[in-house]
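The values are calculated or read from the model by the stated rules, or taken from the named source; none is laboratory data. Remember, it's a predicted structure, so these values are computed and weren't measured experimentally. Here the Cβ positions follow ideal geometry from the backbone for every residue, glycine too, while neighbour counts run over all protein chains shown. Calculation scope for accessible area: heavy atoms of the full protein, side chains included, ligands and nucleic acids excluded. Shrake-Rupley method; radii C 1.70, N 1.55, O 1.52, S 1.80 Å.
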Amino acid sequence: MLDSEHMKAALSLAKLAVGYTSPNPAVGAVIAKGNNIIGMGYTQPAGSDHAEIIALRQAGDHADGATMYVTLEPCCHYGRTPPCTQAIIDAGISEIYISLLDPNPLVSGQGVIQLNNAGIKTHVGAFRDEAYAINEAYFKFIVTGIPFVTAKFAVSLDGKIATKSGDSKWISNNESRKYVHKLRDIVDAIVVGVNTVLVDNPSLTARNCCCGRGGICKDQPLRLVVDSKGKTPVGALIFQQPGETTLAIGDNIDSKKKEQFIQLGIKLLEVPDNTGLVDVEKLLQVLGKQEITSILVEGGSQLLGSFFDHRLVDKVLVFVSPIIIGGSKATTAVSGDGVEKITDAFHLDHIAIEKLGDNMLVSGYMPK
């Protein structure tokens, strides 16, 4: 029972690091002797200390003979920082509980072997599911090399995201919009189609988020606009916000418009397919090479449809508002090609439903 409480504390610490450690995993660590916790830590931004090191530093000499609880297998290789396994061994930790092995091929069980060879008793598997959920983006990225994709949209009860005139402010309520800002705060990039920029002129920033500072968060996620023809206005709000905005363009972009973007210092990412549009599969590959581990696709319907058609979505978040919009010309949430039969429709797994004021958040995972 005591071990469970200490591991729960480590999981709580790991959650504090979510969104701030990319491309590294968010890890929590606790060091204890019996009832007494003598060291705690969670992973700092990439290049800074890992959770285990912070906990060991806090415990000091008292770590000798103590037990460590950590949510992911300690690293055993030199990367941006030295291996945690050696620090654990040198500190005299006698026993360690680990929630999950690290799928990174540079670790992947080798950390446990090093600890065992040093005489440290190891236990693997405590709160495995909870630990996996915290680092679902990292696990997807480290295994496939491409980002974890979350599709998010807000709809009326009849499945519309805007009226026939294009008005969409606001379908979701204030509680839902606050939730979205927290989501933005923990992803590496926000992705929208150019039509969303043209119609809504959004800022796409994380505001009043879980960083607790209020206002605009210090570290903004990348804003990425999928814009094959370069229609994004140079005066759009996304270019006036803190952080970086990039346009993913195809090869149909007007050369003069392209040169204008370049002269203004706007970053361009060329990812064409054979139709002149942006190939979303290649886009994810390019983002992966840039160590973007997670993206939040916020619309519009064409872009969402493309991600669903290519089966690139991992997680779905739908905010449902108790309103009826109606109209055959009103915009639906997901366009694209869709499926031919109901039996081919995507049936989400691990469904969760949460009430946010008078809105409902329905979340789930795309079938593997």
- Filter result for the condition that a residue is surrounded by 20 or more Cβ atoms within 10 Å (Cβ to Cβ), among the hydrophobic types (A, V, I, L, M, F, W, C) and either over 19 Å from the mean Cα position of the chain (by Cα) or more than 25 Å from Ile238 (Cα to Cα) (or both), over Val271, Val297: Val271
- Note on the structure: Sole miss for Arg311 among (1) over 21 Å from the mean Cα position of the chain (by Cα); (2) surrounded by fewer than 17 Cβ atoms within 10 Å (Cβ to Cβ) is condition (1)
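When you go through Asp129, Asp90, Asp158 one by one, which is the residue that is more than 30 Å from Lys33 (Cα to Cα) and among the acidic types (Asp, Glu)?
Asp158
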- Residue by residue through the stretch 301-317, note down the ones that are in a loop (DSSP other than H, G, I, E, B) and without any contact (Cβ under 8 Å) to a residue 60 or more places away in the chain. His310, Arg311
- Item | Some residue of the stretch 336-359 being in contact with an Asp or Glu (Cβ under 7 Å, 6 or more places away or on another chain), touching a residue at least 12 places away in the same chain (Cβ under 8 Å) and of a type in the set (Asp, Glu) | yes
- Under the condition of being under 14 Å from Phe308 (Cβ atoms) and small (Gly, Ala, Ser), which residue from the stretch 340-368 is least open to solvent (accessible area, probe 1.4 Å)? Gly364
- Message: Suppose we filter Ala14, Ala29 for residues that are in a strand (DSSP E or B) and of a type in the set (Gly, Ala, Ser); which single one remains?
- Response: Ala29
- Task: Say whether the condition of being in contact with a helix residue (DSSP H, G or I) (Cβ under 7 Å, 6 or more places away or on another chain) and not β-branched (Val, Ile, Thr) is met by at least one residue in the stretch 255-265.
- Result: no
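Can you say whether Ala248 is under 20 Å from Thr196 (Cα atoms) and either open to solvent by 50 Å² or more (accessible area, probe 1.4 Å) or more than 24 Å from the chain's Cα centre (by Cα) (or both), as far as the supplied structure shows?
Working: under 20 Å from Thr196 (Cα atoms): yes; either open to solvent by 50 Å² or more (accessible area, probe 1.4 Å) or more than 24 Å from the chain's Cα centre (by Cα) (or both): no.
So Ala248 fails the test.
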- Task: Please go through the stretch 91-134 and pick out each residue that is surrounded by 19 or more Cβ atoms within 10 Å (Cβ to Cβ) and charged (D, E, K, R).
- Result: Asp102
- Only listed residue being within 13 Å of Thr21 (Cβ to Cβ) and either surrounded by fewer than 23 Cβ atoms within 10 Å (Cβ to Cβ) or not aromatic (Phe, Trp, Tyr) (or both), chosen from Cys75, Cys84: Cys75
- Message: The conditions are (1) surrounded by fewer than 21 Cβ atoms within 10 Å (Cβ to Cβ); (2) more than 25 Å from the chain's Cα centre (by Cα); (3) closer than 30 Å to Asn174 by Cβ, and Thr331 fails exactly one of them. Which is it?
- Response: (1)
- By residue number, the members of the stretch 18-42 that are touching an Asp or Glu at 6+ places or on another chain (Cβ under 8 Å) and over 13 Å from Ala91 (Cβ atoms) are Gly19, Tyr20, Ser22, Pro23, Pro25, Val27
- Those residues of the stretch 319-328 which are of a type in the set (A, V, I, L, M, F, W, C) and surrounded by 18 or more Cβ atoms within 10 Å (Cβ to Cβ), in sequence order: Phe319, Val320, Ile325
- Message: When you check Val286 against the structure, is it at pLDDT 90 or above and in a helix (DSSP H, G or I), yes or no?
- Response: yes
